[in-house]
Amino acid sequence: MTKETKINATIIWSMLAQKFAGSLTESMWTDNLGNMLIQCLYDDNNIYSLLAIESFALTGSLKICLMDQFGISHVLQELMDKVHNDMCLSPLLSFGSINTDSPNLTLVSIKNHIKIYDELKSAFKSCKSKLAKKRKSFRKSQNWSYKTLSNEGVQHQRQFTVQTYQEKDPLIFLDLRQLHFCLNWSLTNVFTKPNKHTTTPQQKTFLQSIDENSHCKFNTDYLEVRNDTFFFESVRATTGISSKTDKWYYEVILLTDGIMQIGWGTEECLLSFQDGNGIGDDSHGFAFDTHRCAVWAAGDLHLPSIDALSKCKAGDVLGCLLDLNQDYCTFFINGQDYGFSINIIKSTMPLYPTISLTGHQHVVANFGDQPWYYGIKGAKAVNEATTKETKSQKQHPVTVVDDGESVCNICYSEPINTKLFPCKHDRFGENCAQTFESW
């Protein structure tokens, strides 16, 4: 099975498990499928396999199966330890420009999208019919076995054939960084008991979701963010620039090479994942498009006056300079000025660093708590500003449900504990019921 085939297969399983969470997903699930997804965690498409496993865990009974029968928490922890060791063995790498043609999940998933329904239907039937035949030869070629926890708690030894990483390849390091983040997030927010006590990051400035229903993934300091949905999600810094003077600066490290818009905007920006609106798509913000290498402002695309890069690459560092002395904004790529500047009109409202990510994009922001990769002389860090607004941070863990407990008719994960008024419908969990407020 080729790498592309594995990626496409896991994407399809992930989409189906999300779309049909509940009884339909239960009917799709087999132990053979679980075995395949776990083995794929150790292959080139490990992140895609992890996303598929998370999608199946949206159905409460399958989450219990993954945790009890497959010992998924132990599997992920073991893999995360291996990834951490590989990262420690890697040489100190620069986040300079890196040539890459690494696949992007969004682009792969929509490639040849004509007749996508027929393709999904055909692929589903093919996977289901061939899975049993492939399992025997697949296991033999990969030389592995999985751990099963029986009802008596008997544990069997698991051995995996693990991919060997080349230390000198910077792209491997970036892939390891992404995988470590995703594994840690999954262990903390999916395959664990939910923690009702959320902590606020210690640093002054960090990122937060724009929409309460956002499913962006954050690390513990809320400076690293990843979007693993199929929507255009946006996040905003907690510190805004209300000053009418001075130069202000922040940096963003791109861990992926897909479509991202990174810039500045007021709280009036119409950022909607349902409508696909990101920063720079209306008159209340402006942003750099990392895929088109151009600037968005008021919904218009502004190209540079000189020939510049075709698009940003994984590992690039985007510098965002807001010069309120001269009333313009400039975006730098790895410290170089390629002419990505735009004149701005001073707003009466604070301007906040804002980032919009398409599906499966991943960035790390620096607002001044860490040394700059490419500093700008005379510019102040965003975290030196005074305007601050912090909302409660909300992650989306999948609740563990007992076998005999009734579960929400929407997510099939959290328990039924909410009644709607005045209609008095009562087959919902609290989180799903709250989503009705945005309808």
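The values are calculated or read from the model by the stated rules, or taken from the named source; none is laboratory data. What you are looking at is a predicted structure, and each value in this text was computed from that prediction instead of being measured. So basically every Cβ, Gly included, is an ideal-geometry build from the backbone, and we count neighbours across all protein chains shown.
For the reader, a short list of remarks on this structure follows.
- Of all residues in region 299-317, those that are modelled with pLDDT of 90 or more and in contact with an Asp or Glu (Cβ under 7 Å, 6 or more places away or on another chain) total 4.
- Top-ranked residue in region 269-289 [being in a loop (DSSP other than H, G, I, E, B) and among the acidic types (Asp, Glu); ranked as modelled with the lowest pLDDT]: Asp275
- Within region 252-279, considering residues that are surrounded by fewer than 24 Cβ atoms within 10 Å (Cβ to Cβ) and hydroxyl-bearing (Ser, Thr, Tyr), the one nearest to the chain's Cα centre (by Cα): Ser272
- Filter result (part of a loop (DSSP other than H, G, I, E, B) and without any contact (Cβ under 8 Å) to a residue 60 or more places away in the chain) within region 324-338: Gln326, Asp327, Gly335
- Looking across region 56-78, the residues that are of a type in the set (Gly, Ala, Ser) and touching a strand residue (DSSP E or B) at 6+ places or on another chain (Cβ under 9 Å) come down to Gly60, Ser61, Gly71.
- The set of residues in region 400-439 being modelled with pLDDT under 75, loosely packed, with under 15 Cβ neighbours inside 10 Å and outside any loop (DSSP other than H, G, I, E, B) consists of Gln434, Thr435, Phe436, Glu437, Ser438.
- Considering Leu301, Leu321, Leu309, the condition of being within 26 Å of Pro350 (Cβ to Cβ), surrounded by fewer than 23 Cβ atoms within 10 Å (Cβ to Cβ) and free of Cβ contacts under 8 Å to residues at least 40 places away in the same chain is satisfied by Leu301 alone.
- Residue within region 282-292 that is touching a helix residue (DSSP H, G or I) at 6+ places or on another chain (Cβ under 9 Å) and not β-branched (Val, Ile, Thr) present: no
- Segments classed as helices (runs of 4 or more DSSP H), wholly inside region 1-85, with at least 1 members that are over 21 Å from the mean Cα position of the chain (by Cα): 3-19, 23-28, 31-40, 60-68
- Residues (hydroxyl-bearing (Ser, Thr, Tyr) and assigned to a strand (DSSP E or B)) located in region 214-262: Ser234, Thr239, Tyr249, Tyr250
- Enumeration of residues in region 339-362 that are assigned to a strand (DSSP E or B) and either modelled with pLDDT under 95 or not hydroxyl-bearing (Ser, Thr, Tyr) (or both): Gly339, Phe340, Ser341, Ile342, Asn343, Leu351, Pro353, Ile355, Leu357, Gln361, His362
- Subset of region 213-251 (residues that are crowded, with 20+ Cβ neighbours inside 10 Å and among the hydrophobic types (A, V, I, L, M, F, W, C)): Cys216, Phe218, Leu223, Val225, Phe232, Val235, Ala237, Ile241, Trp248
- Remark: pairs (first residue in region 1-18, on the phi < 0 side of the Ramachandran plot; second residue outside any helix (DSSP H, G or I); Cβ separation under 6 Å; 6+ apart in sequence or on different chains) = Lys3/Asp44; Lys6/Asn45; Ile7/Asn45; Thr10/Asn45.
- When region 33-67 is filtered for residues that are buried (at least 22 other Cβ atoms within 10 Å of the Cβ) and of a type in the set (Phe, Trp, Tyr), the ones remaining, listed by number, are Tyr48, Phe56.
A quick yes/no check of all residues on (1) polar (S, T, N, Q); (2) at pLDDT below 95:
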{"site": "Asp43", "(1), (2)": "no, yes"}
{"site": "Ser55", "(1), (2)": "yes, no"}
{"site": "Cys65", "(1), (2)": "no, no"}
{"site": "Val83", "(1), (2)": "no, yes"}
{"site": "Asp86", "(1), (2)": "no, yes"}
{"site": "Ser94", "(1), (2)": "yes, yes"}
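- Check on Ala385, within 25 Å of Leu207 (Cα to Cα), of a type in the set (Gly, Ala, Ser) and modelled with pLDDT of 95 or more: no
- Verdict on Leu322 being at pLDDT 95 or above and either touching a His at 6+ places or on another chain (Cβ under 9 Å) or over 27 Å from Ser14 (Cβ atoms) (or both): yes
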